[in-house]
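Heads up, the thing below is written out as structure tokens.
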Amino acid sequence: MPRSHICPSCLTELARIRAIPDEHYGLPIVVCPGCQLACVRTKHPDQQFWRVFRRTWVTIRLVIAKVILVILMSLLMWGLVYWSADLYTDYRGNFHFIDPFVSGHFETTLGAWGLPLAAIAIGCSIRLVFLHLRAWVPILMVLVLTAFFTTLDFTVGHLFNAIAQIGSFRSQIDIPSASEMILRGQFFAMLAGLAIIGLVPAVLLRRSVERSGAKRFRKIRKKLRKRRSHDD
Ligand SMILES: [Zn+2]
């Protein structure tokens, strides 16, 4: 049963008259058959409140999910930096980029191929999740967070030592050496470059992602329209 809607001018019941969206603002307009007055049909305030509440809640959840995703991607990149330090250097800390690819050892070769591919996949997928932003924004977020995680033991160690010096007590923290940090920096730069290369496949995949999104949107709109016509 429709909610009562009374004409403000002649008090005719307008609830049974179908509202037609006006061409400028899309507002549901009802024209009174008694006095020809056009008035806007408003939703019940409770209904309006819950609709806004639901929509806001969905948006908040989506933002939280995306923040978590950025953090997870950065942690993964951080893991890749450590992994590549294991993979592409010998026990003396010398850099060997080609050796792991051609080593007879199966796991090493797998890692040598998997690691750059993982970095490219991260760059590509983070771009596809944040299609509404400029291309460099999501990748920069991930790289800044990765740099933060990669240098965390170094910065925290030095900070703690400084505090120890001021407070004149001995600190037991192991701080990574400068050469270790330079090595990490090199691998970070390499992986950052690969993640940026991941933007190229993202350009190709973008259209199919947007198409599936549009399809879903159309489906939802159809459902809503059906529901609304039931209500009328
Ligand atoms: Zn009227």
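Among 168-180, 31-43, the peptide with the highest mean count of other Cβ atoms within 10 Å heads the list, and the full ranking is 31-43, 168-180. Grab the other residues whose beta carbon is less than 14 angstrom from that of Trp83, score K and R as +1, D and E as -1, and report the net. Here the count lands on -1. Taking the helices alone, the chain has a mean residue ellipticity at 222 nm of -23000 deg cm²/dmol, built from -39,500 (n - 2.57) per DSSP H run of at least 4 residues and averaged over all its residues. Taking every alpha-carbon pair under 8 Å whose residues sit at least 6 apart, the chain reaches a relative contact order of 18 percent.
Across the options Leu131, Thr59, Gly114, the greatest Cα extent toward the positive end of the charge dipole of the chain (unit charges at beta carbon of Lys, Arg, Asp, Glu) belongs to Thr59. Overall, the chain carries a charge dipole of about 2020 debye about its Cα centre when +1 sits on the Cβ of Lys and Arg and -1 on the Cβ of Asp and Glu, all other atoms neutral. Averaged over residues, the count of other Cβ atoms within 10 Å places the peptides 125-131, 197-203 in the sequence 125-131, 197-203, highest first.
The length gained on full extension between Ser177 and Arg54, counted as 0.36 nm times the residue separation minus their Cα-Cα distance, comes to 39.1 nm.
Based on protein heavy atoms only, the range 70-222 ends up with 64 Å² per residue of surface accessible to a 1.4 Å probe. The distance separating the Cα centre of the range 190-221 from that of the range 20-51 comes to 39 Å.
Could you look at the chain and say what percent of its accessible area is carbon and sulfur, using a 1.4 Å probe and all protein chains? Answer for the chain is 66 percent, counting heavy atoms of protein chains only.
The values are calculated or read from the model by the stated rules, or taken from the named source; none is laboratory data. Predicted model, so just to flag it, every value in this text is computed and none were measured. Cβ: placed from backbone, ideal geometry, glycine included. Neighbour counts: every protein chain shown. Protein only, heavy atoms only, side chains kept; ligands, DNA and RNA dropped before computing areas. Shrake-Rupley method; radii C 1.70, N 1.55, O 1.52, S 1.80 Å.
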